[in-house]
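Before any comments, here is the structure.
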Amino acid sequence: MSRSWSQVSVGMLAMGLVSVALPAVAQEHGSSDDAQIERGAYLARAGDCVACHTAPGGTPFAGGLAIDSPFGAIYSTNITPDKDHGIGNYSRDQFAAAVRQGVRADGANLYPAMPYPAYAKVSDEDIDALYAYFMHGVEPVSEQPTKTDLSFPFNQRWGIALWDWFFTDDPTTATAPGGEDPVARGRYLVEGLGHCGSCHTPRGLAYQSKALDDSDSDFLSGANLNGWLAPALRGGDGVAGMGISDWSEEEIVEYLATGRNAHAAVGGEMTSVIEHSTSHLSDDDLQAIAAYLKTLPSVESDTQHAFDATADSDTEQQLTGATDLSEGAELYLNSCNACHFANGKGAPRVFPSLVGNSLINADDPSGLIHTILAGAELPSTPKAPERLMMPGFAWRMSDEEVANLATFLRQGWGNQAPGVSADQVAAVRSELDPEETHSSQPDPVYAEPNASEQE
Amino acid sequence: MPINKQPVDVVIIGLGWTGSLIGMEMTDAGLDVVALERGADRTKEDFLYPKPADELKYGVRLGMMQSPRTDGVTIRRNGGETALPQRQWTTFHPGNGVGGCGAHWTGVLYRATPTELSMKSFADATFSPGFLPENMVMQDYGVTYDELEPHFDLFERIAGLSGQAGNLNGEIIDGGNPFEGPRSNPFPLPPLPRTLTDTLFTEATQSLGWHPYPYPSANVSQAYTNPYGMQLGPCNFCGFCSNYGCLNYSKASPQTCVLDALKRRDNFSYRTQCDVRRINKAGDGQTVTGVTYIDGDGNEVFQPAKMVFLCSFTLSNVRLLLLSGIGQPYDPISNTGVVGRNFTYQITGSVDMYFERHQFNPFISAGGSGQVIDDFAPDAFDTEQHGFIGGSYIYTTQGPGGAIGGTRVPPGSPSWGSEWKRNAQREYGHHMMIGTTGSNMAYRDCYLDLDPNYRDPHGDPLLRMTYDWKENDMRMTMFMADRIREIVDELGPDYHTESFHKVGDQFDPSHYQSTHLTGGAVMGTDPQTSVVNRYLQHWDAHNLFVMGASNFPQNMMHNPTGTVAALTFWSVRKIRESYLANPGPLMSRS
């Protein structure tokens, strides 16, 4: 299994990797206090380190996940405190340099699949805690993950120094802002450990994030991530219906804690981020993130089409009238309406609203097509344990039908995205992983009658 | 040699409603819990639309039920007959697999009333001496409504119960059921929307002076999050409820209300395809040591446990106690023993009405949709003057209108061919039902024991049911039929057909009647007449607890699930408060 650059975590669901508990080694080493180790464990959650540094089915933090990049597969490294294969010999300052500057203990540069341009903002105090955790809170794993072996010129790691010079900021080493200033705290988490911009900020020609902080309106303005919309996270006034701009702070907090709210249900790569990272953050930190995101004015983005809130009853009338239906509308009534209803609004937290939904209005329809074909499953989180599932329809809808349905969704209830072609559906279908689908196809053998009836 | 598993604190036999709730409570208490389920795993993936919407597979072939071959039951009406095995389920539908009956139930969720929990006391205070038949065996539950109220309330919040309170802390609320026990809280959700059948029933019963109220429904009316953080979505009236898993997250079940929360807990695990054959008795004669089961590969496995919770279906609970030799089997001749005693069922009947002038849209239906009257509950009127003890509720439901089961033709129609088709087409959508669901008293000669002739593939005897309808209960249902006829007169259908039992009828297991089988391992305060004490703790093994409708000393007119769940919480809270710190009998035998 391999994953895309900054898109590395869907497989974690299948791995059932849920808890990264503190093992008993903390007491044995005794050089750091437990509170600091616990703090480091929390920060490692905030940074979602486990997502990349764990192979499918592998031990947490032992590395080996293949991350697809435009230059070839980059394999994540073992960051357990094993002295031979992990980072057990790293000093605190070497660890800090790796995290914040992308420089290995031997001086070589890390590939920027590691989000050190974002982690550069992590404070000294938090680096200390992370170091304590990785040295004393994680069991060493004596395994050498596959080594990254890119072709020339990308195997010339010295070249990255040039990239770094252009595209990263100098590390800042301030103490992390605390809860007394929620916006500052939120900015620190979003720009730094959360590395939200890795997915949600558009990338430039050299694959660099176009902005690393909110001084530039490209920051968190939405991006296309291998066909999935990583929607704009700029939550302030500006452009209605763009990304999460219509969400309240409480709704942002609820989404990060549970992967669901009155507007949306998580899909794609964000599913794993919710499950392994944000659902474990404190309420205060989630509130801070929400408060900060609401300070960023929303802007136009070519990743998502605008939505016309005035048009939403026309589609409902068409569906309830049920005459002269397009094929897409008919498919909707037959396969979608039971949960999402004629008004497209579904039911809060259970059936996501399709009205103004950013995935449906994404410029690239691949994520929507994928969801129709494969279905979806919500993560189980402490506050919302239920793995609600949407059935996949790949087994019963042709490419043409999915295209008609997707077009209907993209143009109903005030949604205004362009139509979808059967070719686009075929392209997504050809990449479907059967392991990741939630098929509602009945058993091929018709029924399993009671044993008595077999006799 | 059996495989020996590592000891655990708690083993649960059967992962349905009661097993799931016990799992939550005992993991909350910090104990290591293992649940053993005889059937297959069932996750939400099994219920994805349109998988469950298959009437042939689930409604006709009963794909979610136990196998009669391995878990069958033999039936006879009296001791003079030879019991014969059910080779396919007809009169009741015992569930199988994770979720158990809680996955395929209809979703009508009632509480017992204060009187229903103390029928013996009620009868002693109300009826003339000598009025009750000599062979009627009436008992109180040994727990009061007030003691159970918080637990009813909790379970209703877990299930997202939709409906209208009729008695809120003693205040009677218009539009609810005025005959119910007092509730500490309103229903978590408002009632389901009304259908035309509901409206007609409501108008007719009101004009007769009765008190219609919405069916209390665990097919929920709105999106809901329960105290475990589990979620339900609004019911869309698809009509696939009884016998089906819900395809819309709308019906409360272990899957939608408990299991994903339980599975997150490190101290909980469950194993499917594990068929428990025996509960193992300890040498001390006062406890059990664990359970022995056959796993999916055919291995015999011993699972040691400090506590055993028997959480399977009524019939399976009784059978496993009998096979394990725990508790004295009931003997109706000598009237000694307890296991299998007080087996009861439910007394049902219905009319079907045809109205050319009404179009009911029967494709819109939900198991918990309907309107009901409790005006003929056992304590709502003087039943003695009508010659019986007991009562029924009378209801209408726009119940499942499947293509196979829901098609109606007039009496005298051929059962196939073009005339049948014409009749079926003409009458589709013009039928309305009214039903009655009634209490069933316990009798000395209605009981469960092990069958002397029929065995399962492991060589163990099947359970034998000796059961018949009795005059008291038939008089009761005939009275209800008359009340329903009054409603029919009020509504004025073009024609109607009836299906009621009458005095002299004998139990007929060839048709579906109800899955509300109760008793056989009843609760009480006297070890001579009950299997478990009022905390559902086995009188003869203090670390064995038996959950489910097998606890009911006699059956009530109300559906059992709410009472089963409330009793479960009642028991497990007592265990957490008293038993864990000080294991031993929670009541003395004397």
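Tabulated values for the structure
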quantity: Filter result (more than 7 Å from chain B (Cβ to nearest Cβ) and in contact with a Ser or Thr (Cβ under 7 Å, 6 or more places away or on another chain)) within region A:376-389; calculated: A:Pro379, A:Thr381, A:Pro382
quantity: Residue satisfying all of: in region B:262-291; of a type in the set (Asp, Glu) and open to solvent by 60 Å² or more (accessible area, probe 1.4 Å); nearest to the other protein chains (Cβ to nearest Cβ) among these; calculated: B:Asp266
quantity: Within region A:199-214, tally of residues that are under 21 Å from A:Ser272 (Cα atoms) and either crowded, with 24+ Cβ neighbours inside 10 Å or charged (D, E, K, R) (or both); calculated: 3
quantity: Filter result (out of contact with any strand residue (DSSP E or B) (no Cβ under 9 Å at 6 or more places or on another chain), more than 24 Å from A:His305 (Cα to Cα) and in a loop (DSSP other than H, G, I, E, B)) within region A:416-445; calculated: A:Glu431, A:Asp433, A:Pro442, A:Asp443, A:Pro444, A:Val445
quantity: Single condition B:Val143 does not satisfy, out of (1) in a helix (DSSP H, G or I); (2) surrounded by 21 or more Cβ atoms within 10 Å (Cβ to Cβ); (3) hydrophobic (A, V, I, L, M, F, W, C); calculated: (1)
quantity: Residue match in region B:80-90 (condition: among the hydrophobic types (A, V, I, L, M, F, W, C) and more than 20 Å from the chain's Cα centre (by Cα)); calculated: yes
quantity: Residues of region A:390-416 satisfying the condition of being within 14 Å of another protein chain (Cβ to nearest Cβ) and touching a helix residue (DSSP H, G or I) at 6+ places or on another chain (Cβ under 6 Å); calculated: A:Gly392, A:Phe393, A:Ala394
quantity: Enumeration of residues in region A:201-226 that are over 24 Å from A:Asn361 (Cβ atoms) and either outside any loop (DSSP other than H, G, I, E, B) or among the hydrophobic types (A, V, I, L, M, F, W, C) (or both); calculated: A:Leu205, A:Ala206, A:Leu212
quantity: Helices (runs of 4 or more DSSP H) contained entirely in region A:113-200, each with at least 1 residues that are modelled with pLDDT under 95, under 20 Å from A:His53 (Cβ atoms) and under 25 Å from the mean Cα position of the chain (by Cα); calculated: A:116-119, A:197-200
quantity: Test result for B:Ser590, over 18 Å from B:Val308 (Cβ atoms) and at pLDDT below 95; calculated: yes
quantity: Residue under evaluation A:Leu65, criteria (1) surrounded by fewer than 22 Cβ atoms within 10 Å (Cβ to Cβ); (2) within 25 Å of A:Tyr207 (Cα to Cα), criterion not met; calculated: (1)
quantity: Residues being open to solvent by 30 Å² or more (accessible area, probe 1.4 Å) and of a type outside the set (A, V, I, L, M, F, W, C) - total across region A:358-379; calculated: 5
quantity: Those helices (runs of 4 or more DSSP H) lying entirely in region B:91-137 with at least 2 residues more than 11 Å from the chain's Cα centre (by Cα) and under 21 Å from B:Gly349 (Cβ atoms); calculated: none
quantity: Selection status of A:Thr295, open to solvent by 40 Å² or more (accessible area, probe 1.4 Å) and without any contact (Cβ under 8 Å) to a residue 24 or more places away in the chain; calculated: no
quantity: Qualifying positions in region A:328-366 - within 14 Å of another protein chain (Cβ to nearest Cβ) and assigned to a strand (DSSP E or B); calculated: A:Ala347, A:Phe351
quantity: Tally, over region A:326-366, of residues that are in contact with a Lys or Arg (Cβ under 7 Å, 6 or more places away or on another chain) and within 27 Å of B:Gly239 (Cβ to Cβ); calculated: 2
quantity: Yes/no for B:Ser221 being at pLDDT below 95 and open to solvent by 10 Å² or more (accessible area, probe 1.4 Å); calculated: no
quantity: Residue in region B:236-257 that is more than 11 Å from every other protein chain (Cβ to nearest Cβ), outside any loop (DSSP other than H, G, I, E, B) and open to solvent by 10 Å² or more (accessible area, probe 1.4 Å) present; calculated: no
quantity: Where B:Val60 falls short, out of the listed (1) β-branched (Val, Ile, Thr); (2) open to solvent by 10 Å² or more (accessible area, probe 1.4 Å); (3) away from chain A (no Cβ under 14 Å); calculated: (3)
quantity: Extreme residue, least open to solvent (accessible area, probe 1.4 Å), among residues of region B:394-423 that are within 25 Å of B:Cys238 (Cβ to Cβ) and among the hydroxyl-bearing types (Ser, Thr, Tyr); calculated: B:Thr396
quantity: Conditions (1) open to solvent by 30 Å² or more (accessible area, probe 1.4 Å); (2) within 20 Å of B:Leu544 (Cβ to Cβ); number of the one not met by B:Leu36; calculated: (1)
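Conditions tested, residue by residue: (1) open to solvent by 10 Å² or more (accessible area, probe 1.4 Å); (2) away from chain A (no Cβ under 14 Å); (3) of a type in the set (S, T, N, Q).
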| site | (1), (2), (3) |
| --- | --- |
| B:Met1 | yes, yes, no |
| B:Asn4 | yes, yes, yes |
| B:Asp41 | yes, no, no |
| B:Leu48 | no, no, no |
| B:Thr70 | yes, no, yes |
| B:Arg77 | yes, yes, no |
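The values are calculated or read from the model by the stated rules, or taken from the named source; none is laboratory data. As the structure is a computational prediction, the values presented were derived from the model and not from experiment. Reconstructed Cβ throughout: ideal geometry from the backbone, glycine too, with neighbour counts over all protein chains shown. Side chains included, ligands, DNA and RNA excluded: accessible areas come from the protein's heavy atoms. Shrake-Rupley method; radii C 1.70, N 1.55, O 1.52, S 1.80 Å.
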